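A short worksheet on the structure shown next.
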Amino acid sequence: EFGEIAGGQRGTMAVQQKLAGTGVGSFNDRVRDSTIGGTPFADPRVQGFSTGLLLRPWPVEAGVDQGDAEKQRKDVLVAADKIRIALAASLKDYRLAEDCEGKKDVLAGEAHGGGVAYTAQPEEIINYVSAHDNETLFDNTAWKMPPSLFSPQERARANWLCTAFVALSHGIPFFHAGDELLRSKSLDRDSYNSGDYFNVLDFSGQRSAFGTGLPVKVKNGEKWDLMRPLLQDASVRPTAELVAASTAKFCELLRLRTSTPLLGLTDAQDVFGKVDFPGCGKDQMPGIIVMQVRNGPAAANPSGPMLCDKFARVVVVFSARLEVTRLPLPAGFSPPPRSPDVAPPSKACKVGAEPMQLHPAQVESEDVVTRTAKVEGQELVIPPQSAVVFVEHLPK
């Protein structure tokens with residue numbers, strides 16, 4: 001919405017802030033920018049939640065304007081809040097128990113200046129981190145996670161984490177063709193007229209466009225000097241082994257979502273009453289997001305069966321940290337401070353009766369790092385750069 005129609009000068013426009021209640025979905029660039037960092041119009045090297053901001057930032061001499069450690073800490077915590085809201089389907093009436101500034105009972109539609117949440121139902125948000133416009137997900141991580149700071153495996157795991165935010169969120173997930181293949185367009189930010197040479201999509205995983213040449217000058221020329229050394233570094237190009245591992249991880253994420261009805265809730269009232277974020281607030285650990293979803297009858301049918309016939313709750317931990325992390329096991333479920341028009345469930349799902357354990361789909365993960373996630377006493381042990389799903393089975 002710009003130019004002569006900006007601000008509704010010619011009537012109400014179908015823009016994000018006007019779509020609540022229409023059933024029309026819109027692409028969620030808030031979660032994209034918070035997850036990978038920057039914007040499509042900023043320095044492409046600017047980092048985000050999943051790509052090293054604060055946790056392994058650019059050195060000062062690199063000339064990437066991200067501010068000092070204090071600013072980066074604030075930015076990564078704000079990004080975490082925005083991602084939490086996106087995980088809750090960007091529902092404008094969702095309440096975050098506490099934001100990173102210590103404010104309590106925060107209405108999502110007003111969080112961090114407003115504009116972060118704007119939907120009335122999960123179907124109205126399309127969560128994504130990459131699309132046909134701008135750089136691919138892999139190229140974004142190549143820009144933000146240079147070989148001088150990150151290994152190829154760490155860069156691949158960042159890709160997986162970005163994809164996990166989309167796959168495990170409430171709302172409509174959208175994946176760009178080739179995300180699962182670490183697809184590259186050789187840093188081309190606008191490949192519409194770049195042909196198959198840059199737009200290659202090889203499902204065998206044997207061929208990557210990364211480093212095949214400088215992308216067309218008309219859209220990329222001003223960045224050529226920054227691109228050259230990166231594209232010439234053969235260590236950045238995805239190997240067939242990394243592509244295969246990424247494809248396996250992508251399929252694992254799809255299995256998690258499709259086999260677990262508590263992931264991808266489709267009714268706003270269920271999100272209000274069943275989803276919370278333990279560990280949020282001013283004292284949160286940077287680089288960590290925990291989402292808990294409790295089972296229960298559908299809000300639309302409170303006397304009906306449980307949404308999930310297997311699990312009492314799921315706890316999803318997203319970690320962008322580069323070391324093993326220990327977190328307190330979330331206690332039972334604490335619903336958001338205010339859940340609009342949600343009646344108390346007629347069947348309360350008992351939580352805490354059974355032990356938490358790794359989701360069966362991740363017990364069998366092809367990623368050995370994921371399989372190291374575990375529950376030890378009252379702690380969750382989370383491997384680096386991972387999205388881990390723990391489950392508590394329904395009482396027998």
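The values are calculated or read from the model by the stated rules, or taken from the named source; none is laboratory data. Note that the coordinates shown come from a computational prediction; the quantities given were computed from them, not determined experimentally. No Cβ is skipped: glycine too gets one built from the backbone with ideal geometry, and neighbour counts run over all protein chains shown. Accessible surface is based on the protein model in full, side chains and every heavy atom, while ligands, DNA and RNA are left aside. Shrake-Rupley method; radii C 1.70, N 1.55, O 1.52, S 1.80 Å.
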Problem set entry | Simple label model, 7 Å out from Cα along Cβ direction - Asp133 to Thr372, nm | 4.0 nm
Exercise. At q = 0.14, 0.15 Å⁻¹, what base-10 log of I(q)/I(0) does the Debye formula yield for the stretch 165-249 when every alpha carbon is treated as an equal point scatterer in vacuo?
Worked result: -0.54, -0.61
Seminar exercise, completed: Taking placed amide H atoms and a strict 5 Å upper bound, the residues 5 or more places from Asn134 or on another chain that come that close are Ser191
Problem set entry | Residues whose placed amide H lies under 5 Å from that of Arg313, excluding near-sequence neighbours | Asn295, Glu392
For this session: Determine how large the accessible area of Trp224 is when every protein chain is in place; take a 1.4 Å probe and give Å² rounded to the nearest 10.
Result: 60 Å²
Exercise. When the chain is fully extended, how far beyond the present Cα-Cα distance does Gln17 get from Trp224, taking 0.36 nm per residue of separation?
Worked result: 70.9 nm
Exercise. Hey, what do the phi angles of the stretch 369-383 turn into as Karplus ³J(HN,Hα) couplings, whole Hz, using 6.51/-1.76/1.60 and θ = phi - 60°, x for Gly and Pro?
Worked result: 5, 4, 5, 7, 5, 6, 9, 10, x, 9, 10, 9, 9, 10, x
Exercise. If contacts are Cα pairs under 8 angstrom and at least 6 residues apart, what is the relative contact order of the chain in percent?
Worked result: 16 percent
Problem set entry | Accessible area (Å², 1.4 Å probe, nearest 10) - Glu376 | 70 Å²
Exercise. So which aspartates and glutamates can Lys282 reach, going by Cα to Cα under 16 Å and dropping same-chain residues fewer than 8 places off?
Worked result: Glu70, Asp75, Asp81, Glu98, Asp99, Glu101, Asp105
Seminar exercise, completed: XL table Lys103/Lys274; Lys18/Lys223; Lys82/Lys185; Lys18/Lys103; Lys350/Lys374; Cα-Cα > 31 Å flagged, in table order, is Lys18/Lys223
Seminar exercise, completed: Taking Tyr192, Tyr197, Tyr118 and ranking on accessible area (1.4 Å, protein atoms only), highest first, one gets Tyr192, Tyr197, Tyr118
Exercise. What distance in nm separates the simple spin-label points at Glu70 and Glu379, each placed 7 Å from Cα in the Cβ direction?
Worked result: 3.2 nm
Exercise. How big is the C-alpha Rg of the chain next to the rule-of-thumb value 2.2 N^0.38 Å, as a ratio?
Worked result: 0.98
Exercise. Taking the Cα centre of the chain as origin and charging only Cβ (+1 Lys, Arg; -1 Asp, Glu), how large is the dipole, in debye to the nearest 20?
Worked result: 500 debye
Problem set entry | the chain: calculated mean residue ellipticity at 222 nm from DSSP helix runs of at least 4, using -39500 (n - 2.57) | -7500 deg cm²/dmol
Seminar exercise, completed: Between Ala97 and Thr239, the FRET efficiency computed from the C-beta separation at R0 = 56 Å comes out, to the nearest 0.05, as 0.85
Exercise. What is the extension gain from Gln232 to Val60, computed as 0.36 nm multiplied by their sequence separation minus the C-alpha to C-alpha distance, in nm to one decimal?
Worked result: 59.6 nm
Exercise. Sorted by accessible area (1.4 Å probe), largest first, how do Cys280, Cys308, Cys251 line up?
Worked result: Cys251, Cys280, Cys308
Exercise. Ignoring ligands and nucleic acids, what accessible area does Leu181 show with a 1.4 Å probe (Å², nearest 10)?
Worked result: 20 Å²
Exercise. Can you list residues whose amide H is under 5 Å from Met285's amide H, if they're 5+ apart or on another chain and H is modeled 1.01 Å from N?
Worked result: none
Exercise. If we count every other residue with Cβ under 11 angstrom of Gly67's Cβ, Lys/Arg +1 and Asp/Glu -1, where does the sum land?
Worked result: -1
For this session: Between Ala177 and Asn301, with labels modelled 7 Å along Cα→Cβ, what's the label distance in nm to one decimal, could you check?
Result: 3.8 nm
For this session: Grab the other residues whose beta carbon is less than 10 angstrom from that of Leu394, score K and R as +1, D and E as -1, and report the net.
Result: +1
Seminar exercise, completed: Here the gain from full extension of Asp29 to Ala331, 0.36 nm per residue of separation minus their alpha-carbon distance, amounts to 105.5 nm
Exercise. ³J(HN,Hα) across the stretch 273-279 via Karplus (A = 6.51, B = -1.76, C = 1.60, θ = phi - 60°), whole Hz, x for Gly/Pro?
Worked result: x, 10, 10, 9, 10, x, x
Problem set entry | Candidate residues Thr141, Thr22, Thr12: accessible-area rank, largest first, probe 1.4 Å | Thr12, Thr22, Thr141
